[in-house]
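**Q** A single structure is presented below for examination.
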Amino acid sequence: MRKLNNILVTGGAGFIGSNFIDYLFNKVSIKGKVVNVDKLTYAGNMENLEHINKKYGPSGENRYFFEKTDIVDYESLSKVFSKYDIDTVIHFAAESHVDRSIHGPKEFMETNIIGTFNLLEVVRKLWGDRKDVLFHHISTDEVYGSLDETGFFYENTPYDPRNPYSASKASADHIVNSYFHTYGLPITMSNCSNNYGPLQFPEKLIPIMINNMLEEKALPVYGDGLNIRDWLYVEDHCSGIWKIVNNGTIGETYNLGGENEWTNIDLLNHLCEIVAEKRDKEKDYYKKLITYVRDRAGHDRRYAINCDKIKSELNWKQSVTFDEGLDITVDWYLSNTSWIENIKTGEYKKWIEKNYN
């Protein structure tokens, strides 16, 4: 039996990681401890977890802990693992923005490849031959490359990464699998489609478009806008990970998708209408801001995930429709403009320096 007593979440201050920690405490009511390891790069936001820290942190129930640690720093990682007697790793930490990887790939190679290697080495030496432990690695559908108009990504789809980000994630995936086959390390892995929802850093498509609408700035669309993505609500992603961590077969990979394909331009038009309605504007008010720009280098045409495996083996399914998820997401950003403003003005960075340095 897996212990799941002392869970280490890497990248827990990021978008999906912070949603996952909230899910652990407020949706499944875990009884053990959760240790959040995060470097606090530009995309890590400790404000996301202030409510968790107050209730479950050292001054509360003493079951949530934060360690500002870079996973590239092997020695610091080792100390964290020993300090908390970690028996479960859920590895979110990654540089994840494709555009940034194109302009500066070095950080992606260091964090996504070397950081993952360091984590694996720490647990290999610490856990030895234990079988009551687990290393769960979160990856992306982008490692599979690009699809034509038909077909889906399956767990056995050959890898074909097209940009530095997806190449770094593909490398990490192979390393994780190698530790299972070579050392018998208990691992599971998941490859997810595009996530969306509250707390997503405003460089990704949905939050940046909402923010630009509020400021009446251009809404940039790459190429012809017909690139297709499969959208997964972040809480559904969290529930899928928890299913895998508890009951997934050791050594196996599970795809997690929304089964919800949209072209970028159709999604943007729909988003424009939702925001317009919520702000009492004419239906097409924000569509005039849509601007087509030069396509991104190595821009994959279509992603679509088949997630029959996790549905049949672990009884997982999506619980939030896209319309429901978008409605929740738009409401959150409209109600939390100060959250974005703090990021843009640098106030958040000052807060981090004061509280976490």
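Since every read-out is calculated from the coordinates, none of them should be taken as a lab result. Because the structure is a prediction, the values reported are computed rather than measured. Cβ: placed from backbone, ideal geometry, glycine included. Neighbour counts: every protein chain shown.
**Q** Quick check on the stretch 1-139: take the gyration tensor over C-alpha atoms, sort the square-rooted eigenvalues as a ≥ b ≥ c, and tell me if it's rounded (a/c under 1.5), prolate or oblate. Kindly include the intermediate steps, with their values, before the conclusion.
**A** Values: a/c = 1.84, a/b = 1.18, b/c = 1.56.
Judged from the Cα gyration tensor, the stretch 1-139 comes out oblate (a/c at least 1.5, b/c at or above a/b).
**Q** Next up: Count the net charge of all other residues whose Cβ sits under 11 Å from the Cβ of residue 31, scoring Lys and Arg as +1 and Asp and Glu as -1. Kindly include the intermediate steps, with their values, before the conclusion.
**A** Working: positive: 33, 63; negative: 61.
For residues surrounding residue 31, the net value is +1.
**Q** May I pose another question? How fast does the chain diffuse by Stokes-Einstein, in µm²/s, taking the Kirkwood radius from C-alpha pairs at 25 °C and 0.890 mPa s?
**A** Numbers: Rh = 20.9 Å.
The Stokes-Einstein estimate is 118 µm²/s.
**Q** In debye, nearest 20: dipole of the stretch 171-236 around its Cα centre with unit charges on the Cβ of K, R (+) and D, E (-)?
**A** Working: 3 positive and 8 negative charges, 27 e Å.
Result for the stretch 171-236 is approximately 140 debye, rounded to the nearest 20.
**Q** Something else now. Would you compute, from DSSP H runs of 4+ residues alone, the mean residue ellipticity of the chain at 222 nm, taking -39500 (n - 2.57) per run and dividing by the full residue count, rounded to the nearest 500?
**A** Working: 13 runs with 148 residues, N = 357.
Roughly -12500 deg cm²/dmol at 222 nm, from the helical runs in the chain.
**Q** As I understand it, the value is the acute angle between the Cα axis of helix 322-335 and the longest principal axis of the Cα atoms of the chain; what does it come to in degrees, rounded to 10?
**A** 90
**Q** Among the lysines, select those whose C-alpha is under 21 Å from the C-alpha of residue 169, and discard any that sit fewer than 8 residues away in the same chain.
**A** Counting by Cα, and skipping residues close in sequence, residue 169 has these lysines nearby: 39, 106, 204.
**Q** Treating the beta-carbon of each Lys and Arg as +1 and of each Asp and Glu as -1, no other charges, what is the dipole magnitude of the stretch 256-348 about its Cα centre, to the nearest 20 debye?
**A** Numbers: 14 positive and 18 negative charges, 74 e Å.
About 360 debye.
**Q** Which one, 136, 254, 105, is farthest towards the positive end of the dipole of the chain when Lys and Arg carry +1 and Asp and Glu -1 on their Cβ?
**A** Checking the options against the dipole of the chain, the answer is 136.
**Q** Here's a follow-up. Treat every Asp and Glu Cβ in the chain as -1 and every Lys and Arg Cβ as +1, leave all other atoms uncharged, and give the resulting dipole magnitude about the Cα centre to the nearest 20 debye. Write down the numbers at each step before the final one.
**A** On the way: 41 positive and 52 negative charges, 212 e Å.
In debye, rounded to 20, the chain gives about 1020.
**Q** Indicate the gyration tensor shape class of the stretch 225-278 (rounded, prolate or oblate), computed on the Cα atoms with a ≥ b ≥ c the square roots of the eigenvalues: a/c under 1.5 is rounded; otherwise a/b larger than b/c is prolate and the rest oblate.
**A** Since a/c reaches 1.5 but b/c is at least a/b, the shape of the stretch 225-278 is classed as oblate.
**Q** State the number of lysine pairs found in the stretch 221-357 whose Cα atoms come within less than 18 Å, restricting to pairs 8 or more positions apart or on distinct chains.
**A** Details: 243/309; 243/311; 243/317; 278/287; 278/288; 309/317; 344/354.
Close lysine pairs under the 18 Å cut-off: 7.
**Q** Follow-up. Assuming 0.36 nm per residue, please report the length gained on full extension of the stretch residue 338 to residue 73 beyond their Cα-Cα distance.
**A** Full extension of this stretch gives 92.1 nm more.
**Q** Tally Lys and Arg at +1 and Asp and Glu at -1 over the other residues with C-beta under 12 Å from the C-beta of residue 265: what net charge comes out? Present the calculation step by step, with values, prior to reporting the outcome.
**A** Working: positive: 229, 287; negative: 224, 266.
Charge balance near residue 265 sits at 0.
**Q** Nearest 10 degrees is fine. How inclined is helix 116-127 to the longest principal axis of the chain, computing both from alpha carbons?
**A** 30
**Q** Just report the Cα centroid separation between the stretch 233-261 and the stretch 129-188, whole Å.
**A** 13
**Q** Now a separate question. Which residue, 223, 274, 72, has the largest displacement toward the positive end of the dipole of the chain when charges sit on each Cβ (Lys, Arg +1; Asp, Glu -1)?
**A** The residue sitting farthest along the positive end of the dipole is 72.
**Q** Place the peptides 201-208, 141-148 in order of packing, highest mean first, counting for every residue the other Cβ atoms within 10 Å and averaging per peptide. Mind dumping the intermediate values first?
**A** Details: 201-208: 18.2, 141-148: 20.2.
Put in order of decreasing packing, that is 141-148, 201-208.
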